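K.L.:
Can you keep this structure in mind? I'll have questions shortly.
The values are calculated or read from the model by the stated rules, or taken from the named source; none is laboratory data. Fair warning: this is a prediction, and the values are worked out from it, not measured in the lab. For neighbour counting, all protein chains shown are included, and Cβ atoms are generated from backbone atoms with ideal geometry for every residue, glycine included. Note: accessible area is taken over every heavy atom of the protein model, side chains too, but ligands, DNA and RNA are not part of it. Shrake-Rupley method; radii C 1.70, N 1.55, O 1.52, S 1.80 Å.
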Amino acid sequence: MQTPYITIPQTKAKIPAIGLGTFGSDHVEPDAIAKAVRMAVEMGYRHIDCASVYGNEKQIGEVLSQLFADGVVKREDLWITGKLWNDKHDPIDARASFEQSLKDLQLDYLDLYLIHWPFPNYHPPKCSIDSRSPNAIPYDHDRYMATWRVLESLVDEGLTRHIGSSNMTIPKMELLLRDARIKPACNEMELHPHFQQPDLVAFCKENGIVPIGYSPLGSPGRPERDRTHDDSVDMEDPVIVKIAKDHSVHPATICLKWAAANGHVPIPFSTKERNIRSNMEAVSTDPLSSEEKQAIDGIDRNCRLIKGHVFLWEGANDWHDLWDEDGTITK
């Protein structure tokens, strides 16, 4: 299968328009995810979305090295994203964490390196929804920019081709764009038909930032800590179900076609060959009609699934404080 591409406005580099996510929601073992990476690359995927906190970069690196050695793909034909975890925002720690990821992935450079969350707030793996770090703090722009300067230096040194943000809001992005010497090339964010974030997507596009969408299927495999009783299910929406029936495909396929139609780069996760293949086919064949796209554009429920409870600081009201919903940064 041929991967479609989107142009990064800043550098004119081409980012594959779909990637394989590698977060196993705390329940998929690293070896299984590494096997999925090999399967995906052999199938035609050219974009792998990684992060140090996922705990599987070493296994993925072994697979990448073997793929290169076997001649399945060349390094320059892959887009590999990495992310800096929250407990490594200190500038010295940030560089060390990047270098460890590069070593674990057995690469000389990354294509994109993101600050995973804008807060230096840590939570342990597999924690519950009420887990809180006693050292958690609200957004501190000066601290964030000190971390961003490290990422800029990585670009200067040729260690990553692009840098970007993740889980940001418009007020935070405005400050970053004001103060950054090297602008974010991408912003990774939750995007699916029931959580479309139209204002943030528009802001990104207006500023030459490519939106990368995580949980593009509505994250049916997300951790228990991210589940609440009022969450909606994208793939059960009558509009999605009807369009899927019209195309004779699974509703997941329609969610990905919608992402492609809106210029998002979805990064669905799966370890099943059938799903990995159908996800690629979703964005590379049989696009939605304009009427179908508009119908799905109309079902936004503003239903955030990855709410971030575990990053809250003492004195915060609830998870809404993480997302600056009134247009100002919550202190």
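K.L.:
For residue 257, list the lysines whose Cα falls under 18 Å from its own Cα; do not include residues on the same chain fewer than 8 positions away.
P.N.:
Cross-link targets: 242, 245, 293.
K.L.:
Something else about it: Scale the Cα Rg of the stretch 131-178 by the rule-of-thumb value 2.2 N^0.38 Å and send over the ratio, two decimals.
P.N.:
Rounded to two decimals, the normalised Rg is 1.35.
K.L.:
Name the residues whose placed amide hydrogens come within less than 5 Å of the amide hydrogen of residue 214, ignoring near sequence neighbours (fewer than 5 apart) on the same chain.
P.N.:
Placed amide hydrogens put 189, 190, 191 under 5 Å from residue 214.
K.L.:
Next question. Hey, what's the chain come to in accessible area per residue, 1.4 Å probe, Å²?
P.N.:
Dividing the accessible area of the chain by its residue count gives 43 Å².
K.L.:
Right, something else. Which of these, 277, 75, 178, has the largest mean-square fluctuation under a Gaussian network model of the chain (Cα springs below 10 Å)?
P.N.:
Looking only at 277, 75, 178, the biggest GNM fluctuation is shown by 178.
K.L.:
So, in nm, how far is label residue 27 from label residue 331 when the simple model puts each one 7 Å beyond its Cα toward the Cβ?
P.N.:
Using points 7 Å along Cα→Cβ, the separation is 4.2 nm.
K.L.:
Considering only protein heavy atoms and a 1.4 Å probe, what is the carbon-and-sulfur percentage of the accessible area of the chain?
P.N.:
The computed percentage sits at 49.
K.L.:
Over the chain, calculate the relative contact order: mean separation of alpha carbon pairs under 8 Å at least 6 apart, over the residue count, as a percent.
P.N.:
Reported as a whole number, the value is 20 percent.
K.L.:
A further question on this structure: Relative to 2.2 N^0.38 Å, what does the C-alpha radius of gyration of the stretch 130-222 come to as a ratio? Two decimals please.
P.N.:
For the stretch 130-222, the normalised Cα radius of gyration comes out at 1.20.
K.L.:
Shifting gears a bit: For the stretch 98-172 and the stretch 236-303, what is the separation of their Cα centres, given in Å?
P.N.:
Using only Cα atoms to place each centre, the spacing works out to 29 Å.
K.L.:
Another question, if that's okay. Give the lysines whose C-alpha is closer than 24 Å to that of residue 88, dropping any in the same chain fewer than 8 places away, or say none.
P.N.:
Here the lysines satisfying the reach criterion relative to residue 88 are 58, 103, 126, 172, 183, 307, 331.
K.L.:
Let me ask you something else. Place a +1 charge on the Cβ of each Lys and Arg in the chain and a -1 charge on the Cβ of each Asp and Glu, then give the dipole magnitude about the Cα centre in debye, rounded to the nearest 20.
P.N.:
600
K.L.:
Hey, of [x] 54, 44, 42; [y] 58, 39, 38; [z] 51, 49, 37, which did the structure itself give for Cα extents along the principal axes in Å when calculated?
P.N.:
The value computed from this structure is option [z].
K.L.:
Counting every Cα pair in the stretch 171-224, what percent are over 13 Å apart?
P.N.:
Value for the stretch 171-224: 62 percent of Cα pairs lie more than 13 Å apart.
K.L.:
Related question: Tell me which aspartates and glutamates have Cα within less than 12 Å of residue 83's Cα, excluding those fewer than 8 residues away on the same chain?
P.N.:
Excluding near neighbours in sequence, the set is 49, 57, 99, 111, 188.
K.L.:
With only alpha-carbon atoms in the gyration tensor, what are the semi-axes of the equivalent ellipsoid for the stretch 57-162, in Å, largest first?
P.N.:
Its equivalent ellipsoid spans semi-axes of 29, 18, 10 Å.
K.L.:
Once the piece of chain linking residue 318 and residue 129 is laid out straight, how much longer is it, given 0.36 nm per residue of separation minus the C-alpha distance between them?
P.N.:
Using 0.36 nm per residue and subtracting the Cα-Cα distance, I get 66.9 nm.
K.L.:
If you put +1 on each Lys and Arg Cβ and -1 on each Asp and Glu Cβ, how big is the dipole of the stretch 1-113 around its Cα centre, in Debye rounded to 20?
P.N.:
So the magnitude is around 400 debye.
K.L.:
Anyone know which of 254, 296, 163 comes out most mobile in the 10 Å Cα GNM of the chain?
P.N.:
Of 254, 296, 163, the most mobile in the Gaussian network model is 296.
K.L.:
Here is a further query. Suppose R0 equals 22 Å. What FRET efficiency, 1/(1 + (r/R0)^6) with r the Cβ-Cβ distance, do residue 10 and residue 178 give to the nearest 0.05?
P.N.:
0.85
K.L.:
Can you give the extra length, in nm with one decimal, that the chain gains between residue 145 and residue 299 once fully stretched, where that is 0.36 nm per residue apart less the Cα-Cα distance?
P.N.:
51.8 nm
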